[in-house]
Amino acid sequence: MANDSDDYVYDEATGEWRPASEVAANQATARPEVRDAAGNLLADGDAVTLIKDLKVKGANQVLKQGTVIRSIRLTDDDQEIDCRHDTIKGLVLRAEFVRKR
């Protein structure tokens with residue numbers, strides 16, 4: 001049973017008041033699902049292919065359709081992925097413009 005000194009937080013997903021420590025533990029392990037343009041589930045380390053030409057802001061460069069990006073990393077945003085390209089460091093792509101290989 002929980003101590004009387006525990007802080008409680010309203011969990012909108014379940015509609016219940018739960019101990020703050022329990023809610024924090026669940027949020028730390030939960031990650032949003034990231035899906036590509038075809039609806040495939042993406043994971044860290046996957047390789048993706050661009051489905052259209054993309055102008056890269058700040059790099060004055062265009063990534064062409066069909067370019068393969070390897071070793072992606074998921075972010076906290078369910079629509080963005082971190083990735084590296086040979087010529088561009090710190091590249092963030094929207095999941096709607098890639099397809100899993």
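The values are calculated or read from the model by the stated rules, or taken from the named source; none is laboratory data. Everything numeric in this text was worked out from a predicted model, so none of it was measured. Backbone-built Cβ (ideal geometry, glycine too); neighbour counts: all protein chains shown.
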**OP:** Kindly check whether there is at least one residue in segment 69-77 that is surrounded by 11 or more Cβ atoms within 10 Å (Cβ to Cβ), modelled with pLDDT under 90 and not hydroxyl-bearing (Ser, Thr, Tyr).
**Re:** yes
Subject >> Selection from segment 81-101 of residues that are of a type outside the set (A, V, I, L, M) and under 17 Å from Gly39 (Cβ atoms) >> reply: Arg94, Glu96, Phe97, Arg99, Lys100, Arg101
Subject >> Positions within segment 48-79 being under 14 Å from Lys100 (Cα atoms), of a type outside the set (Val, Ile, Thr) and free of Cβ contacts under 8 Å to residues at least 40 places away in the same chain, in sequence order >> reply: Gln65, Gly66, Arg70, Ser71, Arg73
Original post:
Which residues, counting only those in segment 1-42, are under 25 Å from Asp82 (Cα atoms), exposed (fewer than 13 other Cβ atoms within 10 Å of the Cβ) and at pLDDT 75 or above?
Top reply: Pro32, Glu33, Ala38, Gly39, Leu41
